[in-house]
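**Student:** Attaching a single structure in structure tokens format; questions to follow.
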Amino acid sequence: MIENPTAPIRSTRRSVLTAAAWSAPVIAAAVAAPMASASPCTISRNGTVAFTTTGRNYNRNANTTSGVATVTLQGAVTGDTPVRVDFVSSFANLTTGTTAQRVTYAPLAGNLQPTDNGLDLFHSKTGTNSSSLYGQKVTISFDRTVRNLRFRLAEFSTSSTNNNVFVDGAWVNLPPTSVTGTTTVSGLGTQQSPWIAPANSTSGQMLYKELTYATIPFGTSLVVHFYSSNATATNQQGLYIQNMSFSSFGRVNCG
């Protein structure tokens, strides 16, 4: 028998279902791809903590020991939330032992106040103990993981009278990825080897250390310790946190 080449090809129900089963996943994958590329957890954006009058996003609470920065990330899109940065000040004092051993640090009115010079760490000291264990501790916490964190500890100085009544000393609990700044500010920035202002230096010289951290994971706090490394009994001293910037994702649950 000779077959008719022009006869129509009949499609069975089975062949139609088989074709549909193969084509459906291709369509689904094509739709899903743009959604994945727009994920808020794939784009890291930059942010700045502004202590200055212009563009300020930090506000001190109704006390001298805490404040909050609300940082809107650059290029934020709908659904992104600002990064919350908390600053909490506390004081480690020694109240036992002889009078010479005791030391008391206390906040002054300008402590944690935002200024055009930066965030003011401002306290008084009573007592002759000069150990780096005591002094002001400023705990900095972020509501999500941040990367490329950079800031300065600025205006390391000593008193220009009375045989250096105070000598600014500072250290941090987390080792920075890198440190730059004024070489005359000695030390490594650790409790055992704090950064120390050189003798007879003044705030006008703008001596500083600039710290960079590759990553601060969520739940990890950075603590800046500030104290006087001189044993003179009574003094007031200040130090500034300046130029704080970082990168992060627009959502708190991105990791």
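Read-outs throughout are calculated quantities, based only on the coordinates presented, and are distinct from any laboratory measurement. From a predicted model like this one, the values you see are computed outputs, not experimental measurements. Reconstructed Cβ throughout: ideal geometry from the backbone, glycine too, with neighbour counts over all protein chains shown.
**Student:** Counting alpha carbon pairs within less than 8 Å and at least 6 residues apart, what relative contact order, in whole percent, applies to the range 45-248?
**Tutor:** 27
**Student:** For I43 and Q205 in the same chain, what is the full-extension length gain: residue separation times 0.36 nm, less their Cα-Cα distance, in nm?
**Tutor:** The span from I43 to Q205 would gain 54.4 nm if fully extended.
**Student:** Determine, from the Cβ-Cβ distance of Q236 and T98 and an R0 of 41 Å, the FRET efficiency 1/(1 + (r/R0)^6), rounded to the nearest 0.05.
**Tutor:** 0.95
**Student:** Within the range 217-250, find all residues whose amide N lies under 11 Å from a label point positioned 7 Å from the Cα of A109 along Cα-to-beta-carbon.
**Tutor:** none
**Student:** The range 185-200 to the range 204-230: how many Å between their Cα centroids?
**Tutor:** Using only Cα atoms, the two centres lie 12 Å from each other.
**Student:** Over the alpha-carbon set of the range 45-248, work out the extent along each principal axis and list the three values in angstrom, largest first.
**Tutor:** 59, 35, 30
**Student:** Could you list which residues have their amide H under 5 Å from that of V167, counting only those 5 or more apart in sequence or on another chain, with H placed in the peptide plane?
**Tutor:** Answer set, sorted by chain and number: S229, N230.
**Student:** Determine the principal axes of the Cα atoms in the range 145-218, then give the extent along each, sorted from largest to smallest and rounded to whole angstroms.
**Tutor:** So the three principal-axis extents are 45, 25, 19 Å.
**Student:** Which net charge results for the neighbourhood of S141, defined as the other residues with beta-carbon distances under 13 angstrom from its beta-carbon, given Lys and Arg at +1 and Asp and Glu at -1?
**Tutor:** Once all neighbours under 13 Å are counted, the net charge is +1.
**Student:** Sort M206, M244 by Cβ crowding within 10 Å, fewest neighbours at the top.
**Tutor:** Least to most surrounded, the residues fall as M206, M244.
**Student:** To continue, here is another question. Using 7 Å Cα-to-Cβ label points, what is the N59/T81 separation (nm, one decimal)?
**Tutor:** Rounded to a tenth, the inter-label distance reads 1.8 nm.
**Student:** Please report the net charge: other residues with Cβ closer than 11 Å to the Cβ of V172, K and R +1, D and E -1.
**Tutor:** Net charge around V172: +2.
**Student:** Suppose R0 equals 25 Å. What FRET efficiency, 1/(1 + (r/R0)^6) with r the Cβ-Cβ distance, do V252 and T190 give to the nearest 0.05?
**Tutor:** 0.20
**Student:** If you rank W171, W195 by fewest surrounding Cβ atoms within 10 Å, what's the result?
**Tutor:** Placing the least packed residue first, the sequence is W171, W195.
**Student:** Could I ask something else about it? What is the order of I140, I241, fewest Cβ neighbours within 10 Å to most?
**Tutor:** Exposure proxy ranking, most exposed first: I140, I241.
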